[in-house]
Amino acid sequence: MTSLALALAQAVLTVAMAPVLLGWIDQCRAWLQNRRGAGVLQPYRGLRKLFLKDAVIATNASAIFRASPYVQFGAMALAAAIIPVFSTRPLLATSADTIALVGLFAVARVFAALAGMDVGTAFGTLGARREMLVGFLSEPALLMVFFAASLLTQSTLLPVIVETLSHRELGIYPSQAFAGVAFVMVLLAENARIPIDNPATHLELTMIHEAMVLEYSARHLALIEWASALKLLNFAAIGLALFVPWGLASPGDGAVGIAGAALFTLFKLGTVGAALALIETLSAKLRIFRAPEFLATAFLLAVLGLLVHQLLGS
């Protein structure tokens, strides 16, 4: 029962605290740009405002358009129940592996693209095509990163990967280094961050994610924004589980151990958010036609990680 309660608490807290990470990144960017910033709780204010509004839906919108926000949010919530965030035993620890996790991300992307094209606007169709292009290139790279970790641990289950990697001796592993760089590049692309996309822009020549959600409002837009924040937190948690797997709580830990693990995880997530803000501040957005080169490099680095492990065993 203690293990189940811990898993449920982890899933609920992950979904609830996702906007905080997004707000922290925006706040760090503001500090780096010598601005005051709106505070880390600004995403919650935006969600509250959207939930209180009445939704406006196009007359020719189909059921896919209406269902897409719920599917996207549900897929990201299920992914949060698979990923070890605070403890090594998430709610769906033994029910789904890394391949199923990539499948959930793909389901959310497909429904977002279908909804973008459903109403028939030019911007929605443009964003959907670009989103599928990015997904077509980023998902293989993400799978290669997972396979590199799976070869080290002989398992595709994230809890097993975390427990195995956390008990390895500290050292420099070339395969993990290549996979780590590839994963950061995939994280930026999958979450529509600079240099692939700018989440703060509405320029038709550059936007990808924003183009698909221009027709949404009120609760539907709130769910999409919440799902985007949760996806960013999921990717950050995956990166920490694969490359910084230490400090997670185990089912046998007491209240003090669980609280310490939670605080340490918050510190790691805060560090990840600050690092992402620094990357976005120092980087310029790439042209859309350069995105395939960026993601092809990520795939190449992930494959190099696999080859290095096969050849050197490290």
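The values are calculated or read from the model by the stated rules, or taken from the named source; none is laboratory data. Just so it is clear, the structure is predicted and the values come from calculations on it, not from any experiment. In this analysis, Cβ positions are derived from the backbone assuming ideal geometry, glycine residues included, and neighbour counts consider all displayed protein chains. Heavy atoms of the whole protein, side chains included, go into the accessibility calculation; ligands, DNA and RNA do not. Shrake-Rupley method; radii C 1.70, N 1.55, O 1.52, S 1.80 Å.
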Two decimals is fine: what's Rg over Rh for the stretch 84-223, C-alpha atoms, Kirkwood radius as Rh? 1.05
Give me the base-10 log of I(q)/I(0) for the stretch 42-97 at each q in 0.16, 0.25, 0.30 Å⁻¹, Debye formula, one uniform scatterer per Cα, rounded to two decimals. -0.74, -0.99, -1.11
Roughly speaking, what % of Cα-Cα pairs in the chain are separated by over 33 Å, rounded to a whole number? 23
Please identify, among LEU13, LEU78, LEU157, the residue showing maximal mean-square fluctuation in a Gaussian network model of the chain using a 10 angstrom Cα cutoff. LEU13
Please identify every one of the chymotrypsin sites (Phe, Trp or Tyr not before Pro) in the stretch 199-301 that sits in a loop by DSSP and has no more than 15 other beta carbons within 10 Å of its own beta carbon. TRP246
For VAL15, VAL184, VAL256, what's the largest-to-smallest order of accessible area, 1.4 Å probe? VAL256, VAL184, VAL15
Would you compute, from DSSP H runs of 4+ residues alone, the mean residue ellipticity of the chain at 222 nm, taking -39500 (n - 2.57) per run and dividing by the full residue count, rounded to the nearest 500? -24000 deg cm²/dmol
Springs between alpha-carbon pairs under 10 angstrom, Gaussian network model over the chain: which of MET17, MET207, MET117 fluctuates most? MET17
For the stretch 35-174, what is the accessible area per residue in Å², given a 1.4 Å probe and the full set of protein chains? 48
Amide H of ALA249: which non-local residues (sequence gap of 5 or more, or other chain) have their own amide H closer than 5 Å, using H built in the peptide plane? SER87, THR88
Per residue, how big is the convex hull around the C-alpha atoms of the stretch 241-314? Give it to me in cubic angstrom, could you? 130
When the chain is treated as a Gaussian network with springs between alpha carbons less than 10 Å apart, the largest mean-square fluctuation among ALA302, ALA229, ALA255 is found at ALA255
How much length is gained on full extension from ALA284 to LEU266, taking 0.36 nm per residue of separation minus their Cα-Cα distance? 3.6 nm
Quickly work out the TRP31-to-MET17 label distance, labels modelled 7 Å from Cα along the C-beta direction, and quote it in nm with one decimal. 1.8
Computed over the stretch 178-307, the distribution of all Cα-Cα distances in 5 Å bins, rounded to whole %, is 2, 9, 15, 18, 18, 14, 11, 7, 4, 1, 0
For LEU311, placing the label point 7 angstrom along Cα-to-beta-carbon and taking the stretch 159-174, residues whose amide nitrogen sits under 14 Å are 174
Dipole size in debye (nearest 20) for the stretch 157-266 around its Cα centre, Lys and Arg Cβ +1, Asp and Glu Cβ -1? 180
From the P(r) of the stretch 14-69, could you give the percentage of C-alpha pairs in the tail past 12 Å? 73
Which of the lysines could a cross-linker span from LYS231 if the Cα-Cα distance has to be under 23 Å and same-chain partners fewer than 8 positions apart are dropped? LYS49, LYS268, LYS285
How large a share of the accessible area of the chain, in percent, is made up of carbon and sulfur atoms when the probe is 1.4 Å and the other protein chains stay in place? 69
Solvent-accessible area per residue for the stretch 260-314 at a 1.4 Å probe radius, Å²? 55
Mind pulling the per residue volume of the convex hull built on the Cα atoms of the stretch 1-97? Å³ is fine. 166
Cα pair distances in the stretch 219-283, grouped into 5 Å bins until the bin that holds the longest one, percent each: 3, 16, 18, 20, 17, 13, 8, 4, 1
Contact order relative to length for the chain, counting C-alpha pairs under 8 Å separated by 6 or more residues, stands in percent at 30
